[in-house]
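Okay, so here's the structure we're looking at.
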Amino acid sequence: MARPPYEPYAESPSATFRWRLGVRPLDLDQWLEITDHRDAELAAKAQIMATHPHTAFAVLDDGIADESHEIADAVLAHLRSHHDPAITLDTSLHPLDAAARLVQEDLVVMVERNGRLVFGGGSVCFPNRWDLRSKLGMTMAEVHDPVSLLNEQLGDTVDAFLARLTPHRPVWRLGWGVLDTDELYQPTDGTAAPRPVDAPPAAHHLRVERETLRRFPATGCVLFTIHTHLTPLMDVIDSATSAVALADALDSMPTPIAEYKQLDRTGAAIADWLRHAATTR
Ligand code: HEM
């Protein structure tokens, strides 16, 4: 029985849900996480890259080679010192692709072009219902445009934060959602498995994203890593406190945010179920 590894919905309870920057200093020893799901997730990545390479991997036409080499070298050095001294990169692959196949995290890169930070590309096998390829070349505000109320509440803060982000001050943050599937591969280009029809609350999963942000000194790029942790709601209700905190967070969500998170039709029923299950188990 696995408890959620992080409980972001319980951290800042408020009557009305707001987007938060929520960044905390990152100890680089904890940069990349390794969990019991490592082998299965690396196998899933290899399979996804074999079947849907254009969905899961995309970079700007210039190839972002310098940035990707700088990132791949850092990923390799980290894994060699923290996990396996003999690990190697597949040099026949694009370096960002090769690096991403060694870690459970999805890797997304913002690059400096014409004095602006733009979306340079990524290896994203486990997207939470967004489209990687369509983000190429976009500014941060453009990337976040589909996220209801995000730019209004946080756009300037995110830009100011990225301008201040230096190689010496890496950070991490958390995001979360509740999905009707345990499939990690959730792109929006039609290649994901069909959505379950009318999944009951008990069949939903908490999806927590542990994200790290690091600027790299040689190329100035910003690497955004996303480690997606799935926990069945059936396990969340083992802790009454956690279940009630998640129910409160779902209930506090303004409709436009619930719509973005695809919880506008189901959120209230999931919250009721969480509360009921937490008190009767
Ligand atoms: C501290 C900086 C950042 C904050 C506070 C932030 C916040 C958010 C939030 C709240 C969401 C909505 C997800 C959810 O909870 O349902 C989101 C979505 C997203 N973010 Fe960020 N983000 C940050 C940095 C970045 C960076 C650096 C990248 C890319 C390099 C990025 C790429 C995305 C993408 C692709 C989505 C999905 C957008 C869509 O649905 O089309 N974010 N972000």
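The values are calculated or read from the model by the stated rules, or taken from the named source; none is laboratory data. Predicted, not measured: the structure shown is a model, and the values here were computed from it. Cβ: placed from backbone, ideal geometry, glycine included. Neighbour counts: every protein chain shown. Please note that ligands, DNA and RNA were not included when accessible areas were found on the heavy atoms of the full protein model with its side chains. Shrake-Rupley method; radii C 1.70, N 1.55, O 1.52, S 1.80 Å.
Full-extension gain between ARG195 and ASP264, please, as 0.36 nm times their residue separation minus the C-alpha to C-alpha distance. Intermediate values should be presented prior to the final figure.
Numbers: separation 69, 0.36 × 69 = 24.84 nm, distance 1.60 nm.
Separation in residues times 0.36 nm, less the Cα-Cα distance, equals 23.2 nm.
Determine, for each peptide in 35-47, 267-279, the mean count of other beta carbons within 10 angstrom over its residues, then list the peptides with the highest first. Mind dumping the intermediate values first?
Working: 35-47: 13.8, 267-279: 18.2.
Ranked from most to least packed, the peptides come out as 267-279, 35-47.
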Using all Cα-Cα distances in segment 78-170, what percent lands in each 5 angstrom bin from 0 up to the longest? 2, 11, 16, 20, 20, 15, 9, 5, 1, 0
Under a GNM of the chain (C-alpha, springs under 10 Å), which listed residue has the highest mean-square fluctuation: ALA218, ALA240, ALA100? ALA218
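Within 13 Å, Cβ to Cβ, of HIS168, how many net charges do the neighbouring residues add up to if Lys/Arg are +1 and Asp/Glu are -1? Numbers along the way, then the final one.
On the way: positive: ARG164, ARG169, ARG214, ARG215; negative: ASP27.
Once positives and negatives cancel, what remains is +3.
Please give me the summed charge of the neighbours of THR139: other residues whose Cβ is under 15 Å from its Cβ, Lys and Arg +1, Asp and Glu -1. Don't jump to the answer; show the numbers that get you there.
Numbers: positive: ARG113, ARG116, LYS135; negative: GLU112, GLU142, ASP145, ASP156, ASP159.
Computed value for this residue: -2.
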When the distances between all Cα atoms of segment 22-69 are binned every 10 Å from zero, what whole-number percent does each bin get? 19, 27, 43, 11
Under the √(5λ) rule applied to the eigenvalues of the Cα gyration tensor, what semi-axes describe the equivalent ellipsoid of the chain? Give them in Å, descending. 31, 21, 18
For the chain, dividing by residue count, accessible area per residue (probe 1.4 Å) in Å² works out to 47
How much net charge surrounds SER14 when only the other residues with a Cβ under 12 Å from the Cβ of SER14 are counted, with Lys and Arg +1 and Asp and Glu -1? -1
Relative packing of peptides 104-116, 190-202 - highest average C-beta neighbours within 10 Å first: 104-116, 190-202
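Which three semi-axes in whole Å describe the equivalent ellipsoid of segment 219-281, each the square root of 5 times a Cα gyration tensor eigenvalue, listed largest first?
Details: eigenvalues 155, 59, 16 Å².
Semi-axes, largest first: 28, 17, 9 Å.
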